[in-house]
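Asker: Structure incoming, see below.
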Amino acid sequence: MSGQYRDYPKHLIRKLPRYYRYLNEQKQLGREYISSNELALLMGISPSQVRQDFNRFLYNGYHGVGYNVSAILEQITELLDLKTKKNTIIIGAGNLGQSLSNYDELKNCGFEIKAFFDINPKLTGAVINGIKVFDMDKIGEYIEAENIVAAILALPTEGTSEIARKISEYGVTMFLNFNPVFFEFERDVFIENVHIDDNLMMLSYKGAGERNDEK
Ligand SMILES: NC(=O)c1ccc[n+]([C@@H]2O[C@H](COP(=O)([O-])OP(=O)(O)OC[C@H]3O[C@@H](n4cnc5c(N)ncnc54)[C@H](O)[C@@H]3O)[C@@H](O)[C@H]2O)c1
């Protein structure tokens, strides 16, 4: 990522994946241009907020017909560094790890799954979805040899933070963590936590409101 993008406000960066998703859907539908009003409706924000995001930070090319969908997508792709290939491993070759290895969006975001690592000796040597499972003993060596920069943590809570710390010392700087454990690094290591449980709880809460309204 070039230096200028580091200065982009965090609240805007957080919005970019959603902008990307909605604009990509529009592109697939054959749309070339989109107005700030339509985009605002999809995003659930005001048209003036969309205009502010775009005019100040993103593609500044509103010409009567709307914003050029492909041009904005290209800019977001560059901003989020999606085209750079990021060699990635999955730690934990169980249900979650295996499903993730099949998820196309990883590749679309530049995360190329190179290997699984697991402590279960029955899985060592197996090939799942075309990806080999290695024993945890080999992890440091593998990271260095294959220039691994990202890891997906799909293993039970126990030991996760120690494993993350250990592999960060071999050069992994990006973690997608599916575990409820919280850990931080002093160095330049980046973590995105995924908690489906949070979404389920919010869904349950929203559903309860709806049901209470019916009473
Ligand atoms: N955050 C989320 O949204 C979310 C969603 C689903 C699952 N999870 C969590 O992800 C984890 C994995 O779920 P699952 O359904 O795939 O479980 P699973 O039991 O099917 O798979 C876990 C795998 O991790 C391996 N493992 C255990 N300890 C290890 C270690 N120290 N090093 C390397 N590998 C190790 C096991 O051998 C197993 O193959 C669970 O902790 C679960 O709670 C989180």
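Asker: Taking the chain as a Gaussian network, where each spring joins two C-alpha atoms under 10 Å apart, which residue of Ala154, Ala93, Ala40 fluctuates the most?
Answerer: Comparing Ala154, Ala93, Ala40 in a Gaussian network model of the chain, the most mobile one is Ala40.
Asker: Residue by residue through segment 169-186, which ³J(HN,Hα) values in whole Hz follow from phi under the Karplus form 6.51 cos²θ - 1.76 cosθ + 1.60 (θ = phi - 60°), with glycine and proline marked x?
Answerer: Listing the rounded values in order: 5, 8, x, 6, 10, 10, 10, 9, 10, 9, 8, x, 5, 10, 8, 10, 10, 7 Hz.
Asker: If you don't mind, there's one more thing I want to ask. Defining a contact as two alpha carbons under 8 Å apart and six or more residues distant in sequence, what relative contact order in percent does segment 86-197 show?
Answerer: It comes to 25 percent, rounded to a whole number.
Asker: So if R0 is 30 Å, what FRET efficiency would Tyr8 and Ile128 give, r being the distance between their Cβ atoms, rounded to the nearest 0.05?
Answerer: 0.20
Asker: Taking the Cβ-Cβ separation of Val181 and Ser99 as r and a Förster radius of 25 Å, what is the calculated FRET efficiency to the nearest 0.05? List each step's numbers first, then the result.
Answerer: Details: r = 20 Å, r/R0 = 0.82.
That gives a FRET efficiency of 0.75.
Asker: If the cut-off is 27 Å between C-alpha atoms, which lysines fall inside it for Lys107, apart from same-chain ones fewer than 8 positions away?
Answerer: Qualifying lysines at Cα under 27 Å: Lys10, Lys15, Lys27, Lys83, Lys85, Lys86, Lys132, Lys138, Lys166.
Asker: Please work out the FRET efficiency for the pair Arg165 and Ser204, using the Cβ-Cβ distance as r and a Förster radius of 35 Å; give the result to the nearest 0.05.
Answerer: Result of the calculation: an efficiency of 0.55.
Asker: If each of Ile191 and Ile45 carries a label point 7 Å out from its Cα toward its Cβ, how far apart are those two points in nm?
Answerer: With each label placed 7 Å out from Cα toward Cβ, I get 2.7 nm.
Asker: Express as a percent, rounded to the nearest 5, the fraction of DSSP beta bridges in the chain (both residues included) that run antiparallel.
Answerer: In the chain, DSSP labels about 15 percent of beta bridges as antiparallel.
Asker: Using Cα pairs under 8 angstrom and six or more residues apart, how large is the relative contact order of segment 3-79, in percent?
Answerer: Once divided by the residue count of segment 3-79, the mean separation gives 35 percent.
Asker: Calculate how steeply helix 10-28 sits against the longest principal axis of the alpha-carbon atoms of the chain, using the helix alpha-carbon long axis, and give the answer as 0 to 90 degrees to the nearest 10.
Answerer: In the chain, helix 10-28 runs at an angle near 80 degrees to the longest axis.
Laboratory data are not the source of any read-out in this text; all were calculated from the coordinates shown. Here the structure is a predicted model, which means the values were calculated and not measured. As a convention, Cβ positions derive from the backbone with ideal geometry for all residues, glycine included, and neighbour counts pool all protein chains shown.
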